[in-house]
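The values are calculated or read from the model by the stated rules, or taken from the named source; none is laboratory data. What you see is a predicted model, and the numbers here were worked out from it, not measured in a lab. So basically every Cβ, Gly included, is an ideal-geometry build from the backbone, and we count neighbours across all protein chains shown.
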Amino acid sequence: MITLQQLLASRDERAAHEEALLREHPGKVLVCLTVIPPGSEKRTHWSVRVAQAGILAVREGLAPCYEECLDLDTGYEAYFLVSGDPLGVKRACCSIEDTHPWGRLMDIDVLEPAPGGAVPLSRSAVGLSARRCLVCDRPAHECMRSRTHTLEQLQEKIKVIYDSGGAYF
């Protein structure tokens, strides 16, 4: 069980690490893959398997020159440095999220340096709509912000997605 303080500290540490990687590797595109289940348990059997499948997909699709994978109590995190155009990398990452059997359970961000930190490229930057809610298909950020769905509803939908891609990995 993870506390809110642990989760917030983990986010801050991830942001600082992203900034450091971008600063240390100018000219490279940073990709960050996370799998963060809803609720207080962030490291589950399924989340580790989804992260491993995501790592394989990123390796195959982007051929990173640097990779760092962290299996933390607060969730799995993987960092990749890639050569190429940030928008092209974003398109490739969105393709993984949109086509992989477990892509809906992955969050693959493409980050660029900006004043004050690393900033993720949005899906709209490559002409795509925002990610949809797992439960109702509205924009995911709206449902997350308003807590439209119960933890049980989210977990049930995740189970359906996970089970349907089970033969994949």
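In this structure, is residue 129 in contact with a strand residue (DSSP E or B) (Cβ under 9 Å, 6 or more places away or on another chain), among the hydroxyl-bearing types (Ser, Thr, Tyr) and not in a strand (DSSP E or B)? Yes.
Give the residue, chosen from 151, 81, 87, that is in contact with a Lys or Arg (Cβ under 6 Å, 6 or more places away or on another chain) and of a type in the set (A, V, I, L, M, F, W, C).
On the way: 151 fails: in contact with a Lys or Arg (Cβ under 6 Å, 6 or more places away or on another chain); 87 fails: in contact with a Lys or Arg (Cβ under 6 Å, 6 or more places away or on another chain).
Just a single option satisfies the conditions, and that option is 81.
Do you know which residues across the range 53-102 are farther than 17 Å from residue 120 by Cα and among the polar types (S, T, N, Q)? 74, 99 - these are the residues of the range 53-102 that are farther than 17 Å from residue 120 by Cα and among the polar types (S, T, N, Q).
Residues are listed down the side, and each one gets a yes or a no for (1) of a type in the set (Phe, Trp, Tyr); (2) modelled with pLDDT of 95 or more; (3) more than 13 Å from the chain's Cα centre (by Cα):
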site: 33; (1), (2), (3): no, yes, no
site: 40; (1), (2), (3): no, no, yes
site: 44; (1), (2), (3): no, no, yes
site: 49; (1), (2), (3): no, no, yes
site: 58; (1), (2), (3): no, yes, no
site: 62; (1), (2), (3): no, yes, yes
site: 65; (1), (2), (3): no, yes, yes
site: 85; (1), (2), (3): no, no, yes
site: 96; (1), (2), (3): no, yes, no
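Looking across 62, 72, 81, one residue alone is over 22 Å from residue 24 (Cα atoms), hydrophobic (A, V, I, L, M, F, W, C) and either surrounded by 13 or more Cβ atoms within 10 Å (Cβ to Cβ) or free of Cβ contacts under 8 Å to residues at least 40 places away in the same chain (or both). It is 72. Counting only residues that are in contact (Cβ under 8 Å) with a residue 60 or more places away in the chain and out of contact with any helix residue (DSSP H, G or I) (no Cβ under 7 Å at 6 or more places or on another chain), which one in the range 27-41 is surrounded by the fewest Cβ atoms within 10 Å (Cβ to Cβ)? So, considering only residues that are in contact (Cβ under 8 Å) with a residue 60 or more places away in the chain and out of contact with any helix residue (DSSP H, G or I) (no Cβ under 7 Å at 6 or more places or on another chain), the one surrounded by the fewest Cβ atoms within 10 Å (Cβ to Cβ) is 36. The set of residues in the range 126-148 that are touching a Lys or Arg at 6+ places or on another chain (Cβ under 8 Å), charged (D, E, K, R) and under 27 Å from residue 86 (Cβ atoms) comprises 131, 132.
If you filter the range 84-111 down to residues that are touching a residue at least 40 places away in the same chain (Cβ under 8 Å) and β-branched (Val, Ile, Thr), you find that the one that is surrounded by the fewest Cβ atoms within 10 Å (Cβ to Cβ) is 96. Of everything in the range 132-162 that is outside any helix (DSSP H, G or I) and either basic (Lys, Arg) or loosely packed, with under 12 Cβ neighbours inside 10 Å (or both), the residue that is farthest from the chain's Cα centre (by Cα) is 150. Screening residue 155 on (1) touching a helix residue (DSSP H, G or I) at 6+ places or on another chain (Cβ under 9 Å); (2) touching a residue at least 40 places away in the same chain (Cβ under 8 Å) shows it passes everything except condition (1). Residue 165 satisfies every condition listed in (1) farther than 28 Å from residue 5 by Cβ; (2) at pLDDT 90 or above; (3) more than 15 Å from the chain's Cα centre (by Cα); (4) surrounded by 16 or more Cβ atoms within 10 Å (Cβ to Cβ) except (2).
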